[in-house]
Amino acid sequence: MRSLPYFCRGQVIHGFGRGSKELGIPTANFPESVVDNLPADISTGIYYGWARVGKGDIHKMVMSIGWNPYYKNTKKSMETHVIHTFKEDFYGQILSVAMVGYIRPERGFTSLDELIAAIHSDIEEAKTKLDLPEHLKLKEDNFFKSSVSTTANQILNGHQL
Ligand code: ADP
Ligand code: MG
């Protein structure tokens, strides 16, 4: 995928309540404006990368890009699970992400246990891959600097800053 790494940010909105949090894997949803700006070569599936909530620390993340059942699968959704335990929810805050690499396409699951196991394996893969020097250095990208990380609803590419 030519567009990787891909940098974007937006306000965290309420998702469609699939109960991700109940599975222990909450996913912060981006607004339509961010999803609509995705380059055409970014296909649906699971990605790994870096994430920052507001002016907080930069954490590893996994992101699912898929078809949004709320809109009868006519619209895509982008959902980020930040690999960190937060004290509180962060709806309304600006989430900045760098999508660094692709893990796998979307797939169906025959049971909830199978789905949860797959997500845990995605998280392990993300953790390992992000420790590679070429990926670690993206944490230092200008995109994540405090001065630019809280501007509401902007879609920016870190390399253009
Ligand atoms: P929704 O359907 O509203 O997206 P979720 O069950 O997926 O609900 O929970 C997502 C929300 O949980 C996020 O918007 C955020 O405020 C909160 N949250 C807490 N910890 C995390 C985390 N580690 N990663 C992502 N979101 C988190
Ligand atoms: Mg969610």
request  = Can you give me the number of residues within the stretch 78-105 that are more than 9 Å from ligand 1 (Cβ to nearest atom) and in a strand (DSSP E or B)?
outcome  = 11
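Just checking, which of Glu114, Glu106, Glu88 is more than 21 Å from Tyr48 (Cα to Cα) and acidic (Asp, Glu)?
Numbers: Glu114 fails: more than 21 Å from Tyr48 (Cα to Cα); Glu106 fails: more than 21 Å from Tyr48 (Cα to Cα).
Exactly one of Glu114, Glu106, Glu88 is more than 21 Å from Tyr48 (Cα to Cα) and acidic (Asp, Glu), namely Glu88.
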request  = Go over the candidates Gly54, Gly10 one by one and state the one that is more than 9 Å from ligand 1 (Cβ to nearest atom), open to solvent by less than 10 Å² (accessible area, probe 1.4 Å) and over 22 Å from Leu136 (Cα atoms).
outcome  = Gly10
request  = Report whether or not Lys72 is touching a Leu at 6+ places or on another chain (Cβ under 9 Å) and modelled with pLDDT under 95.
outcome  = no
ask   = What do you reckon, is Asn29 touching a residue at least 12 places away in the same chain (Cβ under 8 Å) and either polar (S, T, N, Q) or open to solvent by 20 Å² or more (accessible area, probe 1.4 Å) (or both)?
value = yes
task = Name the single residue, out of those in the stretch 24-43 being under 14 Å from Val62 (Cβ atoms) and among the aliphatic types (A, V, I, L, M), that is nearest to ligand 1 (Cβ to nearest atom).
result = Ala28
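So which of Ala126, Ala117 is surrounded by 12 or more Cβ atoms within 10 Å (Cβ to Cβ), part of a helix (DSSP H, G or I), more than 15 Å from the chain's Cα centre (by Cα) and among the hydrophobic types (A, V, I, L, M, F, W, C)? So that I can check it myself, show each step before the final result.
On the way: Ala126 fails: more than 15 Å from the chain's Cα centre (by Cα).
Criteria check complete, one pass: Ala117.
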message = Quick check on the stretch 57-77: of everything there that is of a type in the set (Ser, Thr, Tyr) and within 11 Å of ligand 1 (Cβ to nearest atom), which residue is most open to solvent (accessible area, probe 1.4 Å)?
response = Tyr70
key: Flag for Ile13 being under 18 Å from Asp122 (Cβ atoms), modelled with pLDDT of 90 or more, within 16 Å of ligand 2 (Cβ to nearest atom) and not polar (S, T, N, Q)   = no
key: Count of residues meeting criterion [within 16 Å of ligand 2 (Cβ to nearest atom) and open to solvent by less than 40 Å² (accessible area, probe 1.4 Å)] in the stretch 32-43   = 2
Residue check, Ile46 in contact (Cβ under 8 Å) with a residue 60 or more places away in the chain, within 15 Å of ligand 1 (Cβ to nearest atom), under 18 Å from Pro5 (Cβ atoms) and open to solvent by 10 Å² or more (accessible area, probe 1.4 Å) = yes
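The values are calculated or read from the model by the stated rules, or taken from the named source; none is laboratory data. These numbers come from a predicted model, not from an experiment. Virtual Cβ from ideal backbone geometry, glycine too; neighbours counted across all protein chains shown. Only protein heavy atoms, including side chains, enter the accessible area calculation; ligands, DNA and RNA are left aside. Shrake-Rupley method; radii C 1.70, N 1.55, O 1.52, S 1.80 Å.
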